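Student: Sharing a structure with you now.
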């Protein structure tokens with residue numbers, strides 16, 4: 001139970017959501033709820049890549065600026081970015097100005113297009129890696145899994161960058177491919193209910 005905290009409203013939640021003021025809303029409304037929208041899935045994979053070496057708090061604070069800079073993470077638009085766009089983004093103080101990560105998003109956008117063409121959508125491909133619930137570790141006790149390693153391996157094979165197993169596991173947690181809310185967290189049951197009613201793409 002050491003990954004549970006009692007919030008100011010008297011309700012029990014995952015301990016991490018108390019570590020920054022903006023985490024509470026993200027925890028209660030987004031984290032762990034299943035997502036099938038291609039652009040949201042691509043956004044999260046991209047932002048997890050930007051987070052590498054940084055904190056999620058830094059990325060979350062800049063998320064709206066990232067969305068503006070990357071056209072709401074429409075990978076069809078990003079795939080057309082040129083070096084002129086890279087130069088523009090490197091001057092944008094609202095985002096993380098890391099050339100390698102910016103170029104990775106552009107590269108990955110082209111790969112996302114290819115996946116969407118082959119599988120009908122990026123979501124259909126991503127959700128094909130949803131793990132068996134019986135094979136999951138106890139909530140918040142792992143940083144990788146067989147499923148995250150498999151998805152990471154396949155993405156890398158297809159030419160994606162900044163998609164290591166740990167990055168992909170964090171992505172799976174956030175996008176609801178697994179419900180990793182701690183046992184006793186008030187949001188765990190809500191996330192699970194959404195997962196039960198969720199129609200896989």
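The values are calculated or read from the model by the stated rules, or taken from the named source; none is laboratory data. Computed from a predicted structure; not experimentally measured. FYI the Cβ positions are ideal-geometry reconstructions off the backbone, even for glycines, and counts take in every protein chain you see.
Student: Within region 21-30, restricting attention to residues that are surrounded by fewer than 16 Cβ atoms within 10 Å (Cβ to Cβ) and closer than 14 Å to residue 58 by Cα, which residue is farthest from the chain's Cα centre (by Cα)?
Tutor: 21
Student: Would you pick out the residues in region 52-73 that are part of a loop (DSSP other than H, G, I, E, B), under 22 Å from residue 17 (Cα atoms) and either in contact with a helix residue (DSSP H, G or I) (Cβ under 8 Å, 6 or more places away or on another chain) or in contact (Cβ under 8 Å) with a residue 40 or more places away in the chain (or both)?
Tutor: 52, 54
Student: What number goes with the only condition from (1) surrounded by fewer than 18 Cβ atoms within 10 Å (Cβ to Cβ); (2) over 26 Å from residue 122 (Cβ atoms); (3) touching a residue at least 60 places away in the same chain (Cβ under 8 Å) that residue 18 does not pass?
Tutor: Status for residue 18: all satisfied but (3).
Student: Turning to a different aspect of this structure: Among the residues of region 91-100, what is the count of those that are under 18 Å from residue 72 (Cβ atoms) and either assigned to a helix (DSSP H, G or I) or in contact (Cβ under 8 Å) with a residue 40 or more places away in the chain (or both)?
Tutor: Qualifying residue count, region 91-100: 2.
Student: Now a separate question. Test residue 197 against the stated conditions and say whether it is free of Cβ contacts under 8 Å to residues at least 60 places away in the same chain and in contact with a helix residue (DSSP H, G or I) (Cβ under 8 Å, 6 or more places away or on another chain).
Tutor: no
Student: Regarding region 34-42, can at least one residue be identified that is in contact with a helix residue (DSSP H, G or I) (Cβ under 6 Å, 6 or more places away or on another chain), more than 30 Å from residue 15 (Cβ to Cβ), at pLDDT 95 or above and not in a helix (DSSP H, G or I)?
Tutor: no
Student: Within region 145-163, is even one residue farther than 19 Å from residue 122 by Cβ and either surrounded by fewer than 15 Cβ atoms within 10 Å (Cβ to Cβ) or touching a residue at least 24 places away in the same chain (Cβ under 8 Å) (or both)?
Tutor: Here is the first cut: in region 145-163, the residues farther than 19 Å from residue 122 by Cβ are 145-146, 149.
Within this subset, residues satisfying the condition of being either surrounded by fewer than 15 Cβ atoms within 10 Å (Cβ to Cβ) or touching a residue at least 24 places away in the same chain (Cβ under 8 Å) (or both) are 145-146.
Checking region 145-163: at least one residue is farther than 19 Å from residue 122 by Cβ and either surrounded by fewer than 15 Cβ atoms within 10 Å (Cβ to Cβ) or touching a residue at least 24 places away in the same chain (Cβ under 8 Å) (or both).
Student: Report yes if residue 49 is part of a loop (DSSP other than H, G, I, E, B), touching a helix residue (DSSP H, G or I) at 6+ places or on another chain (Cβ under 8 Å) and surrounded by 20 or more Cβ atoms within 10 Å (Cβ to Cβ), otherwise no.
Tutor: Considered against the rule, which asks whether it is part of a loop (DSSP other than H, G, I, E, B), touching a helix residue (DSSP H, G or I) at 6+ places or on another chain (Cβ under 8 Å) and surrounded by 20 or more Cβ atoms within 10 Å (Cβ to Cβ), residue 49 comes out as no.
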